[in-house]
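K.L.:
Questions regarding the structure given below will be posed in turn.
The values are calculated or read from the model by the stated rules, or taken from the named source; none is laboratory data. Since we're looking at a predicted model, the values are computed, not measured. A quick note on method: Cβ atoms are made from the backbone with ideal geometry, for glycine too, and the neighbour counts reach across all protein chains shown. Accessible surface areas use protein heavy atoms only, side chains included; no ligands, DNA or RNA. Shrake-Rupley method; radii C 1.70, N 1.55, O 1.52, S 1.80 Å.
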Amino acid sequence: MGRTVRRAVRFLRRPKVFDAALVIVISVPAVIALVVMIARGETGEAPRLAHYLVGAALLLWRRRRPVLTAALLTALDVAGHALGLITIADLPAFIALYSVGRHTSGRVTALTSLAAYAAYALAGELFQPGKGNWVGYLFAVGTTVGVGQLVRLRAELDERARSEAADAAVREERRRIARELHDIVAHHITVITALVGGARATLPAEQEVTRDALKSAEQTAREAMTEMRLLLDVLRADDVLRDGDLIGAGGAGGTGPDAATGVGADRLPALVAEARSAGLSTSLTVTGTPVALPAPVDLAVYRIVQEALTNTRKHAAGARAGVRLAYEPEAVEVEVVDDGRATGSGTPGFGLGGMAERVTLCGGRLTTGPHPGGGFRVHARIPLETP
């Protein structure tokens, strides 16, 4: 029962549904009265009721076209004064003026209110002279529009409070993640670095190949730790990532969170060298004229290659991988293709999903899947911002 009531309330809160329900509610008494009078043959009040119903129907546009609705209802009421149908503004007119205050702001609200008041005051003096209606209309128009303005301001303040609460929750979650990364992941990386360094120091001098492999592993761990520290700084930053900030940081030298990680397309040769030292035969081909990439795009290119090479090492042991980076006038393409066969071992992770999210945030497109010539292919095309 409670769920049904909540659904009904949510349905009635929809703008179009609410406006239609409002028109129906304020029109039903007039419709009933009009039908009864027609049935009795008493048509004296029929023009006034018809005037009221036309005004009520105009309220269907009060939210989408508040100024137009108020203008039409004001004109309708002025005509009603001229024809002797009404002596004061009808209820629909007051609702329309409230809507002006609720759904407009600044100069539009002031000018619309002033015009409506001038029209009503002039009509009062022309068709009911000497009654001082201009004073009553000054209070009525000012109060009605003022209430609408207060409701609008209250809604904006509530929305701002909800937004600030959400931002605070995001900041707290980012700090929590930073603590976990520092206390767990960073700790283990530090231990691994120390153990690898210790193992390398104890090796006999003739085991040069093993020593080089351990040195490369130690260097990789140190670089991972450096990137981890940069990431922790980003997560602890007070400025939370809002919608569009990732792309908005674009442009060479962007200042968004991703710009702080310190990796990009210029680090691909080093990344390929690391993959080779880890036993993966990897080649890098760069075509086109290299240009400074927007920070999010620069990072996305690096992370895509990094994740693709990691997947090749994990799932296609003994394979060879080729990395292609192509600079075009309006886009950059990155492709990683290997010739291995998936072993089927391992647990699916979040790598491909993370790639897709990065590329999508940059406005690009990612395709992954088996390569026609065998192996696996990861391809991304990311547009560059036009000057």
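K.L.:
For Cα extents along the principal axes in Å, pick the label among (1) 56, 55, 32; (2) 67, 45, 34; (3) 115, 52, 42 that corresponds to the value derived from the coordinates.
P.N.:
(3)
K.L.:
What ³J(HN,Hα) values, in whole Hz, does the Karplus curve 6.51 cos²θ - 1.76 cosθ + 1.60 give for the stretch 79-90 when θ = phi - 60°, with x put for Gly and Pro?
P.N.:
Ordered by residue, 3J(HN,Hα) equals 5, x, 4, 5, 8, x, 7, 9, 10, 9, 4, 6 Hz.
K.L.:
Can you work out the FRET efficiency for the pair Arg341 and Ala273, with r the C-beta to C-beta distance and R0 = 25 Å, to the nearest 0.05?
P.N.:
My answer for the efficiency is 0.50.
K.L.:
Report the Cα centroid-to-centroid distance between the stretch 82-152 and the stretch 1-80 in angstrom, as an integer.
P.N.:
Comparing the Cα centres of the stretch 82-152 and the stretch 1-80, I get a distance of 18 Å.
K.L.:
Right, here's the next one. How far is helix 15-40 tilted, in degrees, relative to the longest principal axis of the Cα atoms in the chain, given as a value from 0 to 90 rounded to the nearest 10?
P.N.:
That helix lies at roughly 20 degrees to the long axis.
K.L.:
So what does Arg65 come to for accessible area, using a 1.4 Å probe and Å² rounded to 10?
P.N.:
Arg65 exposes around 140 Å² with every protein chain in place.
K.L.:
Which order do Arg102, Arg48, Arg162 take by accessible area at a 1.4 Å probe, largest first?
P.N.:
Largest accessible area first, the list is Arg162, Arg48, Arg102.
K.L.:
Where does the charge balance sit around Thr226 when Lys and Arg score +1, Asp and Glu -1, over other residues with C-beta under 14 Å from its C-beta?
P.N.:
-2
K.L.:
In terms of modelled amide H atoms, which long-range or inter-chain residues lie less than 5 Å from the amide H of Ser281?
P.N.:
Residues meeting the criterion, in which the H sits 1.01 Å from N, are Ala321.
K.L.:
Got a number for the accessible area of Thr226? Probe 1.4 Å, square angstrom, nearest 10.
P.N.:
The value for Thr226 is about 70 Å².
K.L.:
When a/c reaches 1.5 or more, the comparison of a/b and b/c decides; with that in mind, is the stretch 100-222 rounded, prolate or oblate per its Cα gyration tensor?
P.N.:
It comes out prolate by the Cα gyration axes.
K.L.:
Now for a different question. Based on DSSP H runs of at least 4 residues, each adding -39500 (n - 2.57), what is the mean residue ellipticity at 222 nm of the chain after dividing by all its residues, to the nearest 500 deg cm²/dmol?
P.N.:
-21500 deg cm²/dmol
K.L.:
What is the gain in length, in nm to one decimal, between Leu203 and Lys314 on full extension, counting 0.36 nm per residue of separation less the C-alpha to C-alpha distance?
P.N.:
Length gained, Leu203 through Lys314: 37.2 nm.
K.L.:
Accessible area of Ser277, 1.4 Å probe, to the nearest 10 Å²?
P.N.:
Result for Ser277: roughly 60 Å² accessible.
K.L.:
Angle, helix 91-103 long axis vs. longest principal axis of the chain, Cα atoms, 0 to 90°, nearest 10?
P.N.:
With rounding to tens, the tilt is 30 degrees.
K.L.:
So how do His182, His315, His81 rank on accessible area, 1.4 Å probe, biggest first, that is with the largest at the start?
P.N.:
His182, His315, His81
K.L.:
For Glu180, what charge total do you get from the other residues with a beta carbon under 14 Å from its beta carbon, if Lys and Arg give +1 and Asp and Glu give -1?
P.N.:
+2
K.L.:
What are the ³J(HN,Hα) couplings of the stretch 264-270, residue after residue, when phi is run through the Karplus curve with 6.51, -1.76, 1.60 and θ = phi - 60°? Round to Hz, x for glycine and proline.
P.N.:
Running phi through 6.51 cos²θ - 1.76 cosθ + 1.60 with θ = phi - 60° gives x, 4, 5, 8, 4, x, 5 Hz.
K.L.:
So, with a 1.4 angstrom probe, what is the percent of accessible area on the chain that is carbon and sulfur?
P.N.:
On the chain, the fraction of accessible area on carbon and sulfur atoms equals 61 percent.
K.L.:
Please calculate how many Å² of accessible area the chain carries per residue, with a 1.4 Å probe and no DNA, RNA or ligand atoms counted.
P.N.:
With the other protein chains kept in place, the chain gives 58 Å² per residue.
K.L.:
Springs between alpha-carbon pairs under 10 angstrom, Gaussian network model over the chain: which of Gly353, Gly84, Gly41 fluctuates most?
P.N.:
Comparing Gly353, Gly84, Gly41 in a Gaussian network model of the chain, the most mobile one is Gly41.
K.L.:
Now for a separate question. Against the longest alpha carbon principal axis of the chain, how many degrees, from 0 to 90 and to the nearest 10, is the axis of helix 295-315 turned?
P.N.:
Here the helix axis deviates by roughly 50 degrees.
K.L.:
In whole Å, what is the distance between the alpha-carbon centres of the stretch 195-232 and the stretch 365-385?
P.N.:
Here the answer is 32 Å between Cα centres.
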